[in-house]
Amino acid sequence: MRRIISIVFVISLLGISFWTWRNIEHVKNWIERQVDAGDFLTLEARYTGDQIMEAFKHELIQDEFHNYLEPILQFHPYALMEVKFLDDKNKTRESMILWSLEDGEMVLDTNTWESSHGFRDCIEAGATANDFVILNALAQHRNGMDLPGLSKYTELSDTELEKAIQSSENKHLIVKKGNRYRLHFEEPKIDVSPQTNMNQWLVTKPYKHAIRTSGEYSIKEVQRIAQAAFGKHFTIRKWQQVYLPVYRIDVQNPDNSIATFHWNALNGKQLPQRYVY
């Protein structure tokens, strides 16, 4: 009986250790959020909650029976990476990438907050560099490609091509219609240069009383997918976690229910509504 208890204890300990190893960055971030000492880096807010509520009052407040509640400033996590890569002319380029740890997508321009679309699915599916050989080819051919076209474009052997296609299909990243393959994303946007158009300042904020949300993805997951997507000549030189200031705007309805909206405090634009968390 004692031996059985010991075995169960060892198995439980191994399970806890494995979970901690897989989630070490999430655990670290959770611990940091409990500590009030120190500062964190955030993009500098250009708009206040009051400015946003006044500017969009006619859209959010339907009549005198709807009322604003006090705006809440939150900070959403991003990975900021200093990278280098080869451009289309085989010239070495150095840039910065801002990547959301909430929706798993890369920010292309911080002025408009235009983002990629498709990298989140790739993170979720565990896409590899071999998968991205197919994905990047199809990203450049929006109408799809047949097998001979993919073979010619990727220059893979028949065996390598078959394995890469099968892997991408199994991960629901591509689909086949007739004799042509295409990306399995609505309005895909992964054929992008590894750089974010960014000219905003980073500032420090004290941890104390700051509301920092937790990300869906770890920086390691983002780094892995970026490396797979952008190829062998892409490397991440430095990285750090930074935050985007976001105002949560709550509107109280006549029945006392609350409608919640999120506004980017950097550019004053509303963030896409999320229905599933």
Mind checking which lysines have their Cα closer than 18 Å to the Cα of LYS208? Skip sequence neighbours fewer than 8 apart in that chain. LYS28
Phi-based couplings in Hz for segment 236-249 (Karplus 6.51, -1.76, 1.60; Gly and Pro marked x): 9, 7, 9, 8, 7, 8, 10, 10, 9, x, 9, 9, 8, 9
Given a 1.4 Å probe, how much area per residue of segment 161-277 is accessible, in Å²? 59
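Show me the ranking of peptides 55-66, 253-264 by mean Cβ neighbours inside 10 Å, starting with the highest.
Values: 55-66: 11.0, 253-264: 12.8.
By packing density, highest mean first, the sequence is 253-264, 55-66.
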Can you return the aspartates and glutamates within cross-link range of LYS176? Criterion is Cα-Cα under 12 Å, with same-chain partners fewer than 8 residues away left out. ASP146
Rounded to the nearest Å, what's the spacing between the alpha carbon centres of segment 86-140 and segment 47-66? Just the number, please. 35
Among the listed pairs LYS152/LYS177; LYS84/LYS220; LYS163/LYS238, which are separated by more than 22 Å between their Cα atoms? LYS163/LYS238
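Counting only protein heavy atoms, what percent of the accessible surface of the chain is carbon or sulfur at a 1.4 Å probe?
On the way: 8760 of 17010 Å².
Roughly 52 percent of what the probe reaches on the chain is carbon or sulfur.
Taking loop as defined by DSSP and a crowding limit of 14 other beta carbons within 10 Å, which GluC sites (Glu not before Pro) in segment 156-226 fit?
Working: sites: GLU160, GLU162, GLU169, GLU186, GLU216, GLU221; in loops: GLU186, GLU216.
Answer in residue order: GLU186.
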Checking ARG120, ARG248, ARG93 against a Gaussian network model of the chain (alpha-carbon springs below 10 Å), the top fluctuating residue turns out to be ARG93
Pick from ALA265, ALA229, ALA125: which residue has the top mean-square fluctuation in a GNM of the chain where Cα pairs under 10 Å get a spring? ALA125
Can you tell me the orientation of helix 219-230 relative to the chain, as the angle in degrees between its alpha-carbon axis and the longest Cα principal axis, to the nearest 10? 40
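Under the classification rounded if a/c is under 1.5, otherwise prolate if a/b is larger than b/c and oblate if not, where does segment 142-245 fall, given a ≥ b ≥ c as square roots of the Cα gyration tensor eigenvalues?
Values: a/c = 2.76, a/b = 2.38, b/c = 1.16.
Taking the square roots of the gyration eigenvalues as a ≥ b ≥ c, segment 142-245 is prolate.
Rg over Rh of the chain, using C-alpha atoms and the Kirkwood radius, what does it come to? Spell out each step's value before the answer.
Details: Rg = 22.6 Å, Rh = 21.6 Å.
Rounded to two decimals, Rg/Rh equals 1.05.
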Short to long, in 5 Å steps from zero, the percent of alpha-carbon pairs of segment 184-277 per bin is 2, 8, 13, 18, 21, 17, 11, 6, 3, 1, 1, 0
Compute, for SER214, the solvent-accessible surface of its heavy atoms (probe 1.4 Å) with the complete set of protein chains present, and express it in square angstrom to the nearest 10. 70
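The values are calculated or read from the model by the stated rules, or taken from the named source; none is laboratory data. Bear in mind that the values here come from a model prediction, so they are computed numbers and not experimental data. For neighbour counting, all protein chains shown are included, and Cβ atoms are generated from backbone atoms with ideal geometry for every residue, glycine included. Surface accessibility is based on the protein's heavy atoms, side chains included, excluding ligands, DNA and RNA. Shrake-Rupley method; radii C 1.70, N 1.55, O 1.52, S 1.80 Å.
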